[in-house]
Amino acid sequence: MNIKEKVEELLRLRSQIEEIENTIKPVEEKKRALQSEIIADMKEQDFKSIKTDIATVSVKIKKTMNITDEKMVIAGLKEKGLNDYIVEAIDKELWKGFSAEAIKQNMPVMGTEIRETEFISVLKNKSNTSNASEENND
């Protein structure tokens, strides 16, 4: 397979993936809606579970704790001696912007190294001519 054939196959695969994803989305939405309806019906009838000839359905409640005030949580954990749950960390989103700018400016940052990753980018041509272009990284 030459490079043109490989690029064409890559574009076909991308197209197939997009078609599959577009087919799955409405099915997932329908599934979520149906699950919500079943839960509402079960609550209305005050059922915790229902057994049919093909399945047993149970309504479960999962509780999760979301942090609304990180400083208050940290202070509370420290007060209780639970320091193992506190980690000093770099904000990953802010780091992306900073590190890109540091690379552009050739600014060294202690404790880091620059890694290069090789990738290809394929942009589908508007005409039938065959030109490879570097733009996206798939």
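Throughout, read-outs are computed from the coordinates displayed, never taken from laboratory work. As the structure is a computational prediction, the values presented were derived from the model and not from experiment. For neighbour counting, all protein chains shown are included, and Cβ atoms are generated from backbone atoms with ideal geometry for every residue, glycine included.
Here are a few things to note about the model shown:
- Set Ile50, Ile17, Ile38: member being surrounded by 11 or more Cβ atoms within 10 Å (Cβ to Cβ), of a type outside the set (Ser, Thr, Tyr) and under 23 Å from the mean Cα position of the chain (by Cα): Ile17
- Within the range 86-118, the set of residues being closer than 30 Å to Ala75 by Cα and in a loop (DSSP other than H, G, I, E, B) comprises Ile86, Val87, Glu88, Ala89, Ile90, Asp91, Met110, Gly111.
- Checking every residue in the range 61-82 against the condition of being basic (Lys, Arg), surrounded by 11 or more Cβ atoms within 10 Å (Cβ to Cβ) and more than 30 Å from Leu13 (Cα to Cα) gives at least one match.
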